[in-house]
């Protein structure tokens, strides 16, 4: 296991164990600095890092429900240090739009404080995602998928794509889909690219967009 891989898991473990000094935002910033420093150093084993750490990191971008967290408005806003990604989110999220940007580790760590029936159910069945369940799609998932929040409509179509094409293909596709043609990151509700102002036309709940 490469040095940076060990650093990544040490930081993740600190957060998961609720370490008093492990402020989530500090962990996110520390990991980013480790990543940049390691890549710039050209250290031996960087290719091994790519295989080990990025695999671990990317799977955390897939929520149990099928949401692709790599396009989460809150995550991208934190990564890019730009609250513009939050501006056009539904009114349900108004209370968070002017709050301090926070690092989010995803829903797969054990120290999550917010209750989620979907996550708890999937973890109790030792599933990677809800698409692996014999009851897919269950009533809980269908209710979440159709609760009126636009990006939630992606849950079931995303899980169907994973069943058909595999997690790796899904993650590769999503990473490309949620980028502007100029290479800048897009997010769930960003209407125009912050870098080049290109209109970002992203649809929800349409499985055909994967074809």
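Suppose the filter is part of a helix (DSSP H, G or I), at pLDDT below 90, within 26 Å of residue 133 (Cβ to Cβ) and touching a helix residue (DSSP H, G or I) at 6+ places or on another chain (Cβ under 8 Å); does residue 163 pass it?
Details: part of a helix (DSSP H, G or I): yes; at pLDDT below 90: no; within 26 Å of residue 133 (Cβ to Cβ): yes; touching a helix residue (DSSP H, G or I) at 6+ places or on another chain (Cβ under 8 Å): yes.
Answer is no for this residue.
This table checks each residue for (1) loosely packed, with under 11 Cβ neighbours inside 10 Å; (2) at pLDDT 90 or above; (3) on the phi > 0 side of the Ramachandran plot; (4) in contact with a helix residue (DSSP H, G or I) (Cβ under 9 Å, 6 or more places away or on another chain).
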site: 98; (1), (2), (3), (4): yes, no, no, yes
site: 105; (1), (2), (3), (4): no, no, no, yes
site: 117; (1), (2), (3), (4): no, yes, no, yes
site: 122; (1), (2), (3), (4): no, yes, no, yes
site: 125; (1), (2), (3), (4): no, yes, no, yes
site: 144; (1), (2), (3), (4): no, yes, no, yes
site: 150; (1), (2), (3), (4): no, yes, no, no
Number of positions in the stretch 66-92 that are farther than 30 Å from residue 169 by Cβ and surrounded by 14 or more Cβ atoms within 10 Å (Cβ to Cβ) = 2
Could you say whether any residue in the stretch 108-119 is under 18 Å from the mean Cα position of the chain (by Cα) and within 24 Å of residue 177 (Cα to Cα)?
-> yes
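The values are calculated or read from the model by the stated rules, or taken from the named source; none is laboratory data. All figures in this text were calculated on a predicted structure; none of them were measured in a lab. With ideal geometry, Cβ positions are generated from the backbone for all residues, glycine too; neighbour counts draw on all protein chains shown.
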